[in-house]
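Peer 1: Got a structure for you, questions after.
The values are calculated or read from the model by the stated rules, or taken from the named source; none is laboratory data. If you're wondering where the values come from, they're calculated on a predicted model, not measured in any experiment. Cβ placement follows ideal geometry from the backbone for every residue including glycine, while neighbour counts extend to all protein chains displayed.
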Amino acid sequence: MVVCHCRSVNDRTVGAAIADGAASLEEIGARCGAGTRCGGCRPMLDALLGAAARVTATTVQHAA
Amino acid sequence: MRGDPEIIEMLNDVLTAELTTINQYFVDAKMFANWGYERLADKFRDESIDEMKDAEELIERILYLDGTPNLQRLNPVRVGETPVEKLTLALEGETEAIDRLNRGVALAREKGDTGTRDVLAEILHGEEEFADWLEQQFELIRQVGDALYLSQQIHDDD
């Protein structure tokens, strides 16, 4: 799915940026450009950050 | 007629979702056509125009209730990058729409606003029909496979 329409960045690229350590909208933007123009996709980027954080929390919980 | 503010807010939420899907299905239609899937292009173009007619009904209802229709706000437009992803995102959106409309119908009933209830119920039937069509496509894909399904989408119905 295309997440950032201005910079043409899809969800996989954003996911890769998050997996690479991006933990804020600014860090996602710095890595792949998503959310750096009109800002319309920022709620979606927030949701992707939130989903990644939940997955990490669950994984940590299962690992413990 | 001065309408209930909660009803107007709910109608505007439904309107935002309709305006979003007008754009989503329109770009889907154009991308399907660009890829050569004429049948899917026609279907999504028709759906986009149906959503615009729904938006028209909602705008008229909001104005009738002396509210301000919000045409400035859009939800994220979910543009899939493959035909199957587009169908998946459309079904995701339709499922949310059906839920939102059912909640709207319940609110309108609770407030005794039968006119609004009827407008929402009419839109709901349309969304259920498209959701049913989308589910059929997934059943077809399951039975015949992606490649055979997609090969049937290259020509339009005429």
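Peer 1: What residue, of B:LEU140, B:LEU91, B:LEU71, B:LEU120, is away from chain A (no Cβ under 14 Å), closer than 29 Å to A:CYS41 by Cα and surrounded by fewer than 19 Cβ atoms within 10 Å (Cβ to Cβ)?
Peer 2: It is B:LEU71.
Peer 1: Considering the stretch B:118-157 alone, what residues qualify as being out of contact with any Leu (no Cβ under 7 Å at 6 or more places or on another chain), within 20 Å of B:ALA41 (Cβ to Cβ) and not in a helix (DSSP H, G or I)?
Peer 2: Of everything in the stretch B:118-157, those that are out of contact with any Leu (no Cβ under 7 Å at 6 or more places or on another chain), within 20 Å of B:ALA41 (Cβ to Cβ) and not in a helix (DSSP H, G or I) turn out to be B:GLN152, B:ILE154, B:HIS155, B:ASP156, B:ASP157.
Peer 1: Here's a follow-up. Please work out which residue is surrounded by the most Cβ atoms within 10 Å (Cβ to Cβ), limiting yourself to the stretch A:1-26 and to residues that are away from chain B (no Cβ under 11 Å) and closer than 22 Å to B:THR20 by Cβ.
Peer 2: Once the filter is applied, the top-ranked residue is A:VAL14.
Peer 1: Determine which single condition B:GLN24 fails, assuming it passes every other condition in (1) touching a Leu at 6+ places or on another chain (Cβ under 7 Å); (2) buried (at least 22 other Cβ atoms within 10 Å of the Cβ).
Peer 2: (1)
Peer 1: Within the stretch A:1-45, work out how many residues are closer than 12 Å to B:PRO76 by Cα and either without any contact (Cβ under 8 Å) to a residue 40 or more places away in the chain or touching a Leu at 6+ places or on another chain (Cβ under 9 Å) (or both).
Peer 2: 11
Peer 1: Something else about it: Please go through the stretch B:27-68 and pick out each residue that is free of Cβ contacts under 8 Å to residues at least 40 places away in the same chain, of a type in the set (D, E, K, R), surrounded by fewer than 18 Cβ atoms within 10 Å (Cβ to Cβ) and within 20 Å of B:ASP132 (Cβ to Cβ).
Peer 2: B:ARG45, B:ASP46, B:LYS53
Peer 1: In addition: Does B:GLU122 satisfy the condition of being at pLDDT 95 or above and either in contact with a Ser or Thr (Cβ under 9 Å, 6 or more places away or on another chain) or at positive phi (or both)?
Peer 2: Answer is no for this residue.
Peer 1: Out of (1) out of contact with any helix residue (DSSP H, G or I) (no Cβ under 8 Å at 6 or more places or on another chain); (2) within 11 Å of chain B (Cβ to nearest Cβ); (3) surrounded by 14 or more Cβ atoms within 10 Å (Cβ to Cβ), what's the single condition that is false for A:GLY29?
Peer 2: In the conditions (1) out of contact with any helix residue (DSSP H, G or I) (no Cβ under 8 Å at 6 or more places or on another chain); (2) within 11 Å of chain B (Cβ to nearest Cβ); (3) surrounded by 14 or more Cβ atoms within 10 Å (Cβ to Cβ), A:GLY29 misses (2) alone.
Peer 1: Please work out which one of (1) surrounded by 18 or more Cβ atoms within 10 Å (Cβ to Cβ); (2) under 20 Å from B:LEU65 (Cα atoms) is the condition B:PHE130 fails and give its number.
Peer 2: Result: B:PHE130 fails condition (2) only.
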